[in-house]
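The values are calculated or read from the model by the stated rules, or taken from the named source; none is laboratory data. Worth saying up front: this structure is predicted, and the values here are computed from it rather than measured. Using ideal geometry, Cβ is built from the backbone for each residue, glycine included, and neighbour counts are taken over all protein chains shown.
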């Protein structure tokens, strides 16, 4: 009886395993069908590839500016309906759930499909990404020769990335952006002028060694030309302290304090300073035979300069020595002084 029971149990177990195998196979087949359907939404001839960026937005990645045919689909749910198409708001002759359109050079487009009464059913923004072309058609390089500049004012996990648009690209837009560290998405918010964004890494710990880099991806476009830019960095490499606040405590003696935005305690996040005295009516970037640059870890300084002058101070992370902050300055004249922060 014990053996019969075991055989019954084994038979039942085998049956359950067979059901699980069949179910798994069915799921795989369904996933394959869904994948094939998604692949069929957009197709093209030749060696060019299509890249899905986000819902309703795709990029045609090309190595040259030849003409390519692309198959568009309004949607499986509209199969059998009478469908009309528009390209950039103008009617085109192609009709039906599936149409083939020619993409010449950088002339992508916003393709919309409609019912006969012009009700909008769906749309596809088709961009062209010339992958082997030199970058810089949409954005321009900054002073540090990068398309994207990223800085952090402290070690609180927040950083800001910015870029400069080519002045002739007036129909520009940010298509997509993503910051990621160790497979975790970092929350970012686009600036209102679309020339930068602010991100905050909530998992960042300023008191531990930073071992994994942040990978930032930005996709921008002008009209239908797509351009991709990337930056990889550590917070400690982009920390740039804010301006220091300078106070005159007596004749030609000044003191300053770490920026209010700087991380505390200062003993754990020490700053070094650069002090410069320049002739009056000159900026702090002025260099000349009479201008001396002094590095110090102190927070006070006595100026030995008889004529009117500008007293300048800027801060830098003492440990990383990566990026200097902007100059804080104080204009000292013969009979009066004006402070500027």
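Values as computed for the structure displayed
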| item | result |
| --- | --- |
| Residue satisfying condition, being in a loop (DSSP other than H, G, I, E, B), crowded, with 19+ Cβ neighbours inside 10 Å and at pLDDT 90 or above, within set 256, 262 | 262 |
| Of the criteria (1) surrounded by fewer than 13 Cβ atoms within 10 Å (Cβ to Cβ); (2) under 24 Å from residue 49 (Cα atoms); (3) modelled with pLDDT of 95 or more, which one residue 190 fails | (2) |
| Top-ranked residue of segment 57-88 - restricted to ones that are modelled with pLDDT under 95 and in a loop (DSSP other than H, G, I, E, B), ranked as surrounded by the fewest Cβ atoms within 10 Å (Cβ to Cβ) | 80 |
| Filtered residue count, segment 116-151, keeping only those that are touching a helix residue (DSSP H, G or I) at 6+ places or on another chain (Cβ under 9 Å) and either in the same structural domain as residue 230 (by TED's automatic domain parsing) or free of Cβ contacts under 8 Å to residues at least 24 places away in the same chain (or both) | 3 |
| Considering residues of segment 94-109 that are in a strand (DSSP E or B) and without any contact (Cβ under 8 Å) to a residue 24 or more places away in the chain only, the residue nearest to residue 221 (Cα to Cα) | 94 |
| Checklist (1) touching a strand residue (DSSP E or B) at 6+ places or on another chain (Cβ under 7 Å); (2) loosely packed, with under 13 Cβ neighbours inside 10 Å; (3) under 19 Å from residue 241 (Cβ atoms) applied to residue 201, failing item | (2) |
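Residues are listed down the side, and each one gets a yes or a no for (1) outside any strand (DSSP E or B); (2) within 30 Å of residue 82 (Cβ to Cβ):
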position: 112; (1), (2): no, yes
position: 117; (1), (2): yes, yes
position: 122; (1), (2): no, yes
position: 126; (1), (2): no, yes
position: 132; (1), (2): yes, no
